[in-house]
Amino acid sequence: MLCVVTLVALSMSAKPYNHSIGVVAGSGLGVQYKAMVTEHFTIIEEFGYLGSFCAAGANGLRVNTFGATNDLVLAYQAKAAEGQGIGLDWFIGGQVKAGYIDSFGAAGGQIGLGAAVGLDAKMKNAPIAFSFDFRPGYGCILVGNGGGNVGVGHVFDWTINLGVRYAF
């Protein structure tokens, strides 16, 4: 019994934190929640006014799109470096996103999939965690032009995000 308790304690201590909540900024502004499910598996949930830089539409035009979105990222996270006051991890995973977007007056819903790659830093003597990530993605946009015409577009987009969270 003592061996099992010791192993559980060791596996729990390998995670830099269990939960964190804060803000994310970069390609927009929103609320970010991150959970360390296991030592290496993380879930990141974001909701807010987030957007994407340089969305390339089906016609090849580059446009900026912004709107209310909900992003869910599932990622593998591992230790990159350990310093005296900070621990640095890298992560890689995939994302699912859905929301409402507006692009030059053509507004509608968006669903999509993407990748996520980034760094996560946890202060050792303070309950603060930082993250920086890049997320390329692909999605479908259902838009209306206000005149009763509805169309489906395809979009490749990417976001760059910086998160600051309270870790507990």
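Values in this text are rule-based calculations from the coordinates and carry no lab data. As the structure is a computational prediction, the values presented were derived from the model and not from experiment. No Cβ is skipped: glycine too gets one built from the backbone with ideal geometry, and neighbour counts run over all protein chains shown.
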>> At R0 = 22 Å, how high is the FRET efficiency between Val164 and Ala78 if r is their beta carbon distance? Nearest 0.05 is fine.
In response: 0.55
> If you stretched the chain out fully between Tyr49 and Val152, how much longer would it get, using 0.36 nm times the residue separation minus the C-alpha to C-alpha distance?
Replying inline: 34.9 nm
>> Could you compute the net charge surrounding Lys122? Neighbours are other residues with a C-beta less than 14 Å from the C-beta of Lys122; K and R count +1, D and E count -1.
In response: +1
